[in-house]
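These notes concern the structure reproduced below.
The values are calculated or read from the model by the stated rules, or taken from the named source; none is laboratory data. Quick caveat: nothing in here was measured; it's all calculated off a predicted structure. Cβ coordinates were reconstructed from backbone atoms using ideal geometry, including for glycine residues, and neighbour counts include every protein chain displayed. What goes into the accessible areas is simple: the full protein's heavy atoms, side chains included, and nothing from ligands, DNA or RNA. Shrake-Rupley method; radii C 1.70, N 1.55, O 1.52, S 1.80 Å.
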Amino acid sequence: MSKKPAPVQVSSWQSTMSVRELSTTPFEDLGESPEDVLARHFSEEVDITPLDGAGRSSVSGVVATVFGSTGFVGRYVVNRLGRIGSQVMLPFRGEENSWRHLKVMGDLGQISARRFDIRNEDSIARAVEHSNVVINLLGRDWTTRNFTMDQVHHRAAELIARKSHEAGVIRLIHVGALGSDDCSPSDYMRTKALGEQAVLNAFPNATVLRPAPIFGAEDRLVIARAYMCRNMYMVPVLNPEARLQPLFVSDFATALMRCIEDSTTIGKSLDLAGPRAYTNAELTDAVAKLLNIEITKLPLTGMAAQIAAKIANLQINPFFTPDHVLSTAVDLTITDRQNNAIYDLGVEKPSTVEEEAYRFIAQFQMPKHRLLI
């Protein structure tokens, strides 16, 4: 006699209606406002732990659209979503190969992609129409001939927030930047601040995360320093006395996932940073020490930094730009631990650069320091 299959468990998001019904039923047909739906679906804490330990083959009830998924931070967020059995939509604008590495991060058929354009409202509306969670990771370190930083950080963020609100999305998580200021001389910091304001105006229940500079295996923070330590006789250091508090990318992904299930983060702007603050000079020294390389630093400030940045900006992927000189001139730290939300979002012990960076900068070691087996 065949064994009767066990009943399928569902998460609290699926308890009232199916994910498909939740993401496609207009609010007016339910006789509720978006705020009423939020209150009803977050009457309890949402548990996104995989059911029965099934992991990627489980059902979390999360249907997420992740803008910026093909970037540095995006792959970590998509992997966390796929790990708990979420359906993930990946809007992309490049070639098909730009997202193929993300397809294996979820169960069969759970990760899908579609083309979009940040200037095309219909493409954004189609990307979010079936989702109950939208995550905006879009960002750019410099202006290109295709997009300005204002278009990416401000206009696109506002459009995503507005279309998400119109589609009845339950949770919108927007990623800004620590130290963003609408009066900043840096285009990056100013447009990030304008984007954060626009998101909260269009989607008041959004959660805005403002992380310190993020480091990891594909970053532009530690990797750039490791490359310069390995290949340059004198290592340029922009604004050597300015301070920053780097946040490990895996810790940031953990915090972002906690925001999906934690209703107390709705409508809040949260600052996140790592456990240790460095000056730019100290961070360069820390990277050089991990590589066992003795370096000579070239401090650059003011006009000298701008001239060096303009020369570096002639490259296709520059290590730093004139705007980078301005954005790194201010301290990007959180002095009071109580104001650092990383400890409230599931990360008990954030990682430092010394604890994690060696694993992904070992390739820049001198041959005499490599362990030969």
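Here are the numbers for this structure:
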| read-out | value |
| --- | --- |
| Counted residues, segment 192-238 - those being small (Gly, Ala, Ser), under 26 Å from Met257 (Cα atoms) and not in a loop (DSSP other than H, G, I, E, B) | 4 |
| Candidate set: segment 80-95, residues that are farther than 16 Å from Val169 by Cβ and open to solvent by 40 Å² or more (accessible area, probe 1.4 Å); chosen: the one modelled with the highest pLDDT | Arg80 |
| Evaluation of Arg258 against (1) buried (at least 19 other Cβ atoms within 10 Å of the Cβ); (2) under 30 Å from Gly82 (Cα atoms) (one fails), failing number | (1) |
| Condition met for Ser69 (part of a loop (DSSP other than H, G, I, E, B) and either in contact with a His (Cβ under 6 Å, 6 or more places away or on another chain) or within 26 Å of Phe215 (Cα to Cα) (or both)) | yes |
| From Ile316, Ile260, Ile307, residue being touching a residue at least 24 places away in the same chain (Cβ under 8 Å) and among the aliphatic types (A, V, I, L, M) | Ile260 |
| Within segment 304-313, considering residues that are among the aliphatic types (A, V, I, L, M) and farther than 21 Å from Glu218 by Cα, the one most open to solvent (accessible area, probe 1.4 Å) | Ile311 |
| Neighbours by Cβ (under 6 Å, 6+ apart or cross-chain): first from segment 168-197, within 19 Å of Ala309 (Cβ to Cβ) and touching a residue at least 60 places away in the same chain (Cβ under 8 Å); second aliphatic (A, V, I, L, M) and assigned to a loop (DSSP other than H, G, I, E, B) | Gly179/Val330 |
| Filtered residues of segment 191-219 (kept if under 22 Å from Arg155 (Cβ atoms) and open to solvent by 30 Å² or more (accessible area, probe 1.4 Å)) | Leu194, Gln197, Leu200, Asn201, Pro204, Asn205, Arg210 |
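Conditions tested, residue by residue: (1) more than 22 Å from the chain's Cα centre (by Cα); (2) surrounded by fewer than 16 Cβ atoms within 10 Å (Cβ to Cβ); (3) closer than 22 Å to Ala226 by Cα; (4) basic (Lys, Arg).
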| position | (1), (2), (3), (4) |
| --- | --- |
| Ala288 | yes, no, yes, no |
| Gly302 | yes, yes, no, no |
| Gln315 | yes, yes, yes, no |
| Pro318 | no, no, yes, no |
| Thr328 | no, no, yes, no |
| Ile342 | no, no, no, no |
